Amino acid sequence: MPAPKVRFLPAGDTALVIEFGSSIDHAISDRVLGLKARLEASKPAGVIELVATFRSLMVHYDPLRTSNVQLIGAVENLLQDSRSVRREARLWRIPACYDSGHSPDLPEVARRTGLSEDEVIELHSGTRYHVYMIGFVPGYPYMGDLPPPLHLPRRSDPRVRVPAGSVAIAAGMTAIYPVESPGGWHLIASTPVRLFHPSAEPPALLRPGDAVRFERVSSIELDKLRRRVNAGDWQVPCEAMQA
């Protein structure tokens, strides 16, 4: 099946959206991130920031240095370039505790999916996830693709407060809440990893194109890791990979 036609959508007079499709799809995400890498390498005049989403790339620019028309021309040339582009990404191994007290929705998820709690945990922790985009709150990673047996709609009664570090699922995605916030996803685990530091560079730990694996830890191990994270003497295991 041929790739969907790329659409160029003006977003005011300081941004351009390049849309690659209408669905959440790994192949579409690869095209979005591939264009982002090409633009970062070619550095067109006036480009200020590139923001990747599930199916599009938003290009923020200085209207005194460039325009929609000029950027569309530059992007079309990049899209026609058949040469491969190297895109750096990381594989993160994030500890997650699925024990009672850290997984308030796990029993309900098991009941609604017809699985045992251990089967839910095995499916969730046995999958390598693709980071599609960062959004909702700073550092919040939308990660797919969740195994189909775990697909559930969002909760009908969203929580007013979801603790930071909560690992959640909804529809075909999984995520980690980086800060305490409202939320309507199903909470099935907890991690000590801090996903957002305002003073860090960059502030968000994960970025689109990264991969994540959850590694099961006990409540005791979780508490030990939290103390180490708070003391600043532990880092999330990470390895470079070529996307």
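The values are calculated or read from the model by the stated rules, or taken from the named source; none is laboratory data. Fair warning: this is a prediction, and the values are worked out from it, not measured in the lab. Quick reminder, even Gly has a Cβ in these numbers, built from the backbone with ideal geometry, and neighbours come from all protein chains shown. Protein only, heavy atoms only, side chains kept; ligands, DNA and RNA dropped before computing areas. Shrake-Rupley method; radii C 1.70, N 1.55, O 1.52, S 1.80 Å.
Structure data summary
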| quantity | calculated |
| --- | --- |
| Accessible area in square angstrom per residue, segment 1-151, 1.4 angstrom probe | 52 Å² |
| C-alpha long axis of helix 26-42 to longest principal axis of the chain, angle in ° | 50 degrees |
| Relative packing of peptides 186-194, 143-151, 41-49 - highest average C-beta neighbours within 10 Å first | 186-194, 143-151, 41-49 |
| Residue (of P203, S218, G232) at the positive-pole extreme of segment 199-241, dipole from beta-carbon charges | S218 |
| Debye, to nearest 20: dipole size of the chain, +1 on Lys, Arg Cβ, -1 on Asp, Glu Cβ | 300 debye |
| Average Cα contact separation per residue, the chain, under 8 Å, 6 or more apart, as relative contact order % | 21 percent |
| Peptides ranked, highest mean first, by Cβ atoms within 10 Å: ranges 205-211, 168-174, 157-163, 66-72 | 205-211, 168-174, 66-72, 157-163 |
| Distance (nanometres) between label positions extended 7 Å along Cα→Cβ at I48 and V160 | 3.7 nm |
| Taking segment 1-69 and dividing mean pair separation by its residue count, relative contact order in percent (alpha carbons under 8 Å, at least six apart) | 35 percent |
| Cβ charges +1 (Lys, Arg) and -1 (Asp, Glu), total dipole of segment 1-57, debye | 160 debye |
| Whole-angstrom gap from segment 182-243 to segment 1-61, using each part's C-alpha centre | 27 Å |
| Longest segment of the chain lacking chymotrypsin sites (Phe, Trp or Tyr not before Pro) that sit in a DSSP loop with at most 16 other Cβ atoms within 10 Å | 1-135 |
| Prolate/oblate/rounded call for segment 101-169, Cα gyration tensor, a/c under 1.5 rounded | oblate |
| In segment 42-125, the trypsin sites (Lys or Arg not before Pro) that fall in loop regions by DSSP, at most 13 other Cβ within 10 Å | R65, R83, R86 |
| Relative contact order (%) - criterion: Cα under 8 Å, at least six apart; region: segment 81-195 | 28 percent |
| Under 17 Å from the Cα of K36 - aspartates and glutamates, other chains or at least 8 residues apart | E19, D25, E49, E76, D81, E88, D210 |
| Protein accessible area in the chain, 1.4 Å probe - carbon and sulfur % | 51 percent |
